[in-house]
Amino acid sequence: MAFCHLQNTTMTEASIDFFRSNKPDLYNHPDFYLMDELLTDEHKLIRQSVRDWVKKELSPIIEDVAQKAIFPMHIIKGLADIGAFGPQLPAEYGCGGLDYISYGIIMQELERCDSGVRSTASVQGSLVMYPIYKFASEAQKRKYLPKLAKGELMGCFGLTEPNHGSNPAGMTTNFRDAGDGKNVILNGAKMWISNSPFADIAVVWAKNEAGKIKGIVVERGMEGFTTPETHNKWSLRTSATGELVFNDVKVPIENIFPDVEGLKGPLTCLNSARYGISWGALGAAMDCYDTALRYAKERQQFGRPIAGFQLQQKKLAEMITEITKAQLLVWRLGILMNEGRATPAQISMAKRNNVALALDVAREARQILGGMGITGEYPIMRHMMNLESVVTYEGTHDIHLLILGMEITGENAFM
Ligand code: TGC
Ligand code: FAD
């Protein structure tokens, strides 16, 4: 075994370096049920290219940028080059033209490194490009999609407001006719918006004068539009989060999506993003499990590796069981997504289950590492803190339970 020479040592600087430098060799794990056999050669090729990029460009900097709480802007081009922006959208608009399993695999491999980076890609692909592809005019698609795919433009998605999080139907952000036949006037504020501090465009959900929710593209530079950053997060520190503030912003009527009205607009986009998160969270869980397993085999206490103690084996065996179940869940969901048969409740089940299991795995893995588990020498605490946002955004753990509850009972328990 690669780690044998460390067995009589403590976790020194040298062994931590060894641990890091050997990590990619173990990247095919965990695959307890030989799930790779369900993937095509193309899926495996995509996975390998994302892994190679993550290993070269992201892993070496991730801890530092997380500690400093900055989004590393220079990775945008790399993310675009590996096809992380809108991989599931058609090639005719400069997008990936790939299937939903490929999309999931890309999210998994990014979040295996860091949920904040995956967040940036999810927002761009599922919450900015997807609604433009699905609901915008042909001219808007041609204007925005190729540049968004290349990362030449970055976007954000404004649904949540200070007083309306789980219940976006109550939003108060609104627009009215400017009276010039060309523009509308937008007022209101959105909160907790990923990518907002650097986004070039924002897909904003706001009510028209009839009180109907519409999607509208707001561009940076429009007078009265500001994007103050939200600081002091202990979670998703590599993702830039902020507000969107609209103070009598004049927006061209042509920027309003013609083809959708009502809450189903934003919720349709969330289906795509929540699906990606169910794969992504699994990536974070895999990284925590891999890290804990290797640490348990190396770390000696009472004269033997801690992996030899039943209590630690229970943790590891339960982790791999839950990860394997989650892998099967997302693979099947990916097939249903490809066939256009996945329901919102099925997506809620996967998002809720996989994020919760990732949090459980992170918490157990951190314990296996003892004191080392709280340091930035290992990724576990960062994953754990990140996942506290992932379990809340895109519908909280409780909201997804209520969506499932309504699906199976027919009873609405939201209000
Ligand atoms: P409700 O009356 O149930 O539905 C209103 C209309 O929407 C339709 N609908 C859906 N359509 C497509 N996909 C779905 N998943 C849908 N769910 C519902 C529904 O059929 C209806 O259509 P119509 O034609 O009859 O008008 O709506 P409600 O007001 O009772 O709310 C339902 C609820 C609570 C489930 C929904 O509001 C919800 O999901 N709340 C959670 C909010 C949320 O997830 N926010 C996410 C903000 S974005 C974000 O967090 C990005 S983080 C990104 C990152 O960094 O990665
Ligand atoms: P609340 O809705 O106030 O919920 C508080 C608690 O009450 C939760 O536990 C919830 O489950 C519970 N609760 C609420 N209603 C019910 C009910 N009916 N029954 C039982 N329990 C209930 N939003 C965007 O639009 N775009 C983004 O890019 C974006 N990025 C984000 C990034 C980060 C880092 C974070 C933390 C959030 C982001 N969000 C974004 C917002 C996110 O979607 C919301 O935080 C989330 O939807 C929950 O809303 P809230 O925080 O207002 O909580």
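How many residues are part of a helix (DSSP H, G or I) and either among the aliphatic types (A, V, I, L, M) or crowded, with 16+ Cβ neighbours inside 10 Å (or both) if we restrict to region 148-181?
Matching residues across region 148-181 total 4.
Condition first: of a type in the set (Gly, Ala, Ser) and within 16 Å of ligand 1 (Cβ to nearest atom). Now tell me which residues in region 88-141 satisfy that.
GLY104, SER115, GLY116, SER119, ALA121, SER122, GLY125, SER126 - these are the residues of region 88-141 that are of a type in the set (Gly, Ala, Ser) and within 16 Å of ligand 1 (Cβ to nearest atom).
Looking at region 389-398 only, could you name the residues that are buried (at least 17 other Cβ atoms within 10 Å of the Cβ) and on the phi < 0 side of the Ramachandran plot?
Listed by number, the residues that qualify are SER389, VAL390, VAL391, THR392, TYR393.
Restricting the search to region 261-277, which residues are β-branched (Val, Ile, Thr) and more than 6 Å from ligand 1 (Cβ to nearest atom)?
The one that is β-branched (Val, Ile, Thr) and more than 6 Å from ligand 1 (Cβ to nearest atom): ILE277.
If you go through region 246-257 one residue at a time, do you hit one that is away from ligand 2 (no atom under 13 Å from the Cβ) and within 13 Å of the chain's Cα centre (by Cα)?
No - not one qualifying residue is present in region 246-257.
Counting only residues that are loosely packed, with under 15 Cβ neighbours inside 10 Å, give me the strands (runs of 3 or more DSSP E) lying completely in region 191-265 with at least 1 of them.
By residue number, 241-252.
Can THR268 be described as assigned by TED's automatic domain parsing to the domain that holds HIS397, part of a helix (DSSP H, G or I), among the β-branched types (Val, Ile, Thr) and within 16 Å of ligand 2 (Cβ to nearest atom)? Spell out the reasoning first.
Values: assigned by TED's automatic domain parsing to the domain that holds HIS397: yes; part of a helix (DSSP H, G or I): yes; among the β-branched types (Val, Ile, Thr): yes; within 16 Å of ligand 2 (Cβ to nearest atom): yes.
Yes, satisfied.
Results for (1) away from ligand 1 (no atom under 14 Å from the Cβ); (2) closer than 29 Å to TYR100 by Cα, shown as yes or no for each residue.
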position: PRO305; (1), (2): yes, no
position: GLU322; (1), (2): yes, yes
position: MET337; (1), (2): no, yes
position: LEU357; (1), (2): yes, yes
position: SER389; (1), (2): no, yes
position: LEU401; (1), (2): no, yes
position: ILE408; (1), (2): yes, yes
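Can you tell me how many residues in region 281-317 are more than 17 Å from VAL355 (Cβ to Cβ) and in a helix (DSSP H, G or I)?
Counting residues in region 281-317 that are more than 17 Å from VAL355 (Cβ to Cβ) and in a helix (DSSP H, G or I) gives 20.
For GLY373, which of the numbered conditions (1) more than 13 Å from ligand 2 (Cβ to nearest atom); (2) in contact (Cβ under 8 Å) with a residue 24 or more places away in the chain fails to hold?
(2)
Which ones in region 358-415 are outside any helix (DSSP H, G or I), of a type in the set (Ser, Thr, Tyr) and under 21 Å from SER348 (Cα atoms)?
Within region 358-415, THR392, TYR393, THR396 qualify.
With the requirement that a residue be surrounded by fewer than 15 Cβ atoms within 10 Å (Cβ to Cβ) and either of a type outside the set (Lys, Arg) or touching a strand residue (DSSP E or B) at 6+ places or on another chain (Cβ under 9 Å) (or both), what does region 317-334 give you?
ALA317, GLU318, THR321, LEU328
For region 129-146, which positions are touching a residue at least 40 places away in the same chain (Cβ under 8 Å) and away from ligand 2 (no atom under 16 Å from the Cβ)?
TYR133, LYS134, PHE135, ALA136, SER137, ALA139, GLN140, LYS141, ARG142, TYR144, LEU145, PRO146
What do you reckon, is ALA342 part of a helix (DSSP H, G or I) and not acidic (Asp, Glu)? Talk me through it step by step, then tell me what you get.
Values: part of a helix (DSSP H, G or I): no; not acidic (Asp, Glu): yes.
It is false that ALA342 is part of a helix (DSSP H, G or I) and not acidic (Asp, Glu).
Looking only at region 174-196, which residues are at negative phi and within 13 Å of ligand 1 (Cβ to nearest atom)?
LYS190, MET191, ILE193, SER194, SER196
Condition (residue is under 30 Å from LEU159 (Cβ atoms) and buried (at least 20 other Cβ atoms within 10 Å of the Cβ)) applied to region 291-308: is it met by at least one residue?
Taking region 291-308 first, the residues under 30 Å from LEU159 (Cβ atoms) are none.
Scanning region 291-308, I find no residue that is under 30 Å from LEU159 (Cβ atoms) and buried (at least 20 other Cβ atoms within 10 Å of the Cβ), so the answer is no.
Does GLY188 satisfy the criteria of being in contact with a strand residue (DSSP E or B) (Cβ under 8 Å, 6 or more places away or on another chain) and within 30 Å of TYR93 (Cα to Cα)?
Answer is no for this residue.
The values are calculated or read from the model by the stated rules, or taken from the named source; none is laboratory data. Bear in mind that the values here come from a model prediction, so they are computed numbers and not experimental data. No Cβ is skipped: glycine too gets one built from the backbone with ideal geometry, and neighbour counts run over all protein chains shown.
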